[in-house]
Amino acid sequence: MTYANAHTFCVAPMMDWTDRHCRFFHRLLSPHARLYTEMVTTGAVLHGDRERLLGFDRAEAPVALQLGGHEPAELAASALIGAQLGFAEINLNVGCPSDRVQSGRFGACLMREPALVAQGLVAMRAALAAASQAVPVTVKCRIGVDDQDEHEDLRHFVQTLVDSGLQILIVHARKAWLHGLSPKENREIPPLNYARVYALKREFPQLCIVINGGIADANAIPGHLQHVDGVMLGRAAYHDPYVLARTEHALFGTPMPARDEVLRRLEPYVDAHIARGGALHHIARHVLGLYLGMPGARIYRRYLSEHMHRPGADFGVIENALRAMQMRQAA
Ligand SMILES: Cc1cc2nc3c(=O)[nH]c(=O)nc-3n(C[C@H](O)[C@H](O)[C@H](O)COP(=O)(O)O)c2cc1C
């Protein structure tokens, strides 16, 4: 079976985790994955430090910019900035349940306001089209919030977005409870309901649907792809990044790079970052899980955690961590 669509395999937007360094590293493991930024609010895009918030290395491409916001004109202006900076997709966050997000009227609480979301999508597409930017506008949502009906309310929500022209939807296959659960609990406690997402694909066969939530293993992916168009991995990709190489191999036949080889390819990037005044730990914190499950992985992780913050730390710390791990393997 061949998988041709751009969203077959995606790595989820994750605040504080999927920054540019993380994405650069993930790209070394998976040439085909679609990578997502952390959520950036429209206020930050329009008024913040753009290089810090939106800067990325061309080698990360294709990268989707995830926006948080609700006001159509602000979404439109932010989407245009994102496209002009070279992002391959603009994704609207309709799934984040944090209090901060609710008070700003964006994220998961927008599942109650499908008409407003649709207006935002229309405004973004119009701004992009007017500037001849052929960049898709997508949505990432949940299957519901609070006491919303997972079938009828979700179907109505999706129908409204499809009527406004939506073509690509990512669905985190669990509800969000907007009161009483922390964002972390909202990623663990509401039960996963993959069947609901599969049913959505049957109801909207023209819509490209990407399923997300609790997918931890490359072997589980082909099963999902019998029902939907793509899968998105979040925490598993972060904690066990080699799952990216395994998935890349399973879906696209790409040879799996040796883990050491991945780090070797990261070296010039680390050197350049440090030469610009950056710190090793900005990058090294994302590679802690690379050897997960391998003999000596704990030694590697511990060495790196203990040394990457030290003044003057450079790529040599990663080499030493590898050496410490290899000595344990040889013992
Ligand atoms: C640390 C962390 C930060 C997250 N930040 C975002 C975010 O900025 N935008 C978003 O849409 N989802 C965010 N999520 C949710 C993930 O994108 C994903 O939907 C969720 O983790 C479920 O997928 P998983 O089970 O594969 O991790 C975050 C998740 C984690 C663990």
Point to revise | Simple Cβ-charge dipole of the range 156-266, Lys/Arg +1 and Asp/Glu -1, about Cα centre, in debye nearest 20 | key: 160 debye
Point to revise | Radius of gyration and Dmax over the Cα atoms of the range 23-167, both given in Å | key: 15.0, 43
Practice item. Could you tell me what % of all Cα pairs in the range 67-111 have separations over 14 Å? Key: 48 percent
Point to revise | Estimated dipole of the range 222-308 in Debye, rounded to 20 [Cβ of Lys and Arg +1, of Asp and Glu -1, Cα centre] | key: 260 debye
Study note, to complete from the structure: Rounded to the nearest 10, the angle in degrees between the Cα long axis of helix 315-330 and the longest principal axis of the Cα atoms of the chain comes to 70 degrees
Review point. HN-Hα J couplings of the range 249-262 from phi, Karplus 6.51/-1.76/1.60, θ = phi - 60°, integer Hz, Gly and Pro as x?
Key: 5, 5, 8, 10, x, 5, x, 7, x, 5, 4, 4, 5, 4
Check your understanding: Of all GluC sites (Glu not before Pro) in the range 181-290, which ones are in loop regions per DSSP and have a Cβ with at most 15 other Cβ atoms within 10 Å?
Key -> E188
Exercise for review: Apply the Karplus parameterisation 6.51 cos²θ - 1.76 cosθ + 1.60, with θ equal to phi minus 60°, to every residue of the range 267-276 and state each ³J(HN,Hα) to the nearest whole Hz, in sequence, with x for glycine and proline.
Suggested key: 4, x, 5, 5, 4, 5, 5, 5, 5, 7
Check your understanding: What do the square roots of 5 times the Cα gyration tensor eigenvalues come to for the range 97-251, in whole Å, largest first, as semi-axes of the equivalent ellipsoid?
Key -> 24, 21, 16
Review point. For the range 175-218, which semi-axes, largest first and in whole Å, follow from the square roots of 5 times the eigenvalues of its Cα gyration tensor?
Key: 24, 14, 8
Check your understanding: Gaussian network model of the chain, Cα springs within a sub-10 Å range: biggest mean-square fluctuation belongs to which of Q226, Q159, Q133?
Key -> Q226
**Study point:** Most positive-pole-ward Cα, I168, G104, F252, against dipole of the chain from beta carbon charges
**Key:** F252
Practice item. Compute from the Cα atoms of the range 203-263 the Rg and the Dmax, the latter being the longest Cα-Cα distance, and quote both in angstrom. Key: 13.0, 45
Check your understanding: At what distance in angstrom do the alpha carbon centres of the range 80-124 and the range 21-55 lie from each other?
Key -> 16 Å
Check your understanding: Of A130, A44, A61, which has the largest mean-square fluctuation in a 10 Å C-alpha GNM of the chain?
Key -> A130
Review point. Running Debye on the chain with equal point scatterers at the Cα sites and no solvent, what base-10 log of I(q)/I(0) appears at q = 0.08 Å⁻¹?
Key: -0.38
Practice item. Read phi for every residue in the range 18-26 and hand back ³J(HN,Hα) as whole Hz from Karplus 6.51 cos²θ - 1.76 cosθ + 1.60, θ = phi - 60°, with x for Gly and Pro. Key: 8, 7, 4, 6, 4, 5, 4, 5, 4
Point to revise | the range 137-151 residues near the modelled H179 label - backbone nitrogen below 17 Å, point 7 Å along Cα→Cβ | key: 145-149
Review point. Tilt of helix 114-130 relative to the longest C-alpha principal axis of the chain, in degrees (0 to 90, nearest 10)?
Key: 70 degrees
Practice item. Using a Gaussian network model of the chain whose springs link C-alpha atoms within less than 10 Å, name the residue from M111, M14, M232 with the highest mean-square fluctuation. Key: M14
Point to revise | Additional length obtainable on full extension of the chain from H309 to I189, 0.36 nm per residue less Cα span | key: 39.8 nm
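Read the figures in this text as sums done on the coordinates, not as results from a lab. Note that this is a predicted model, so its numbers are computed, not measured. No Cβ is skipped: glycine too gets one built from the backbone with ideal geometry, and neighbour counts run over all protein chains shown.
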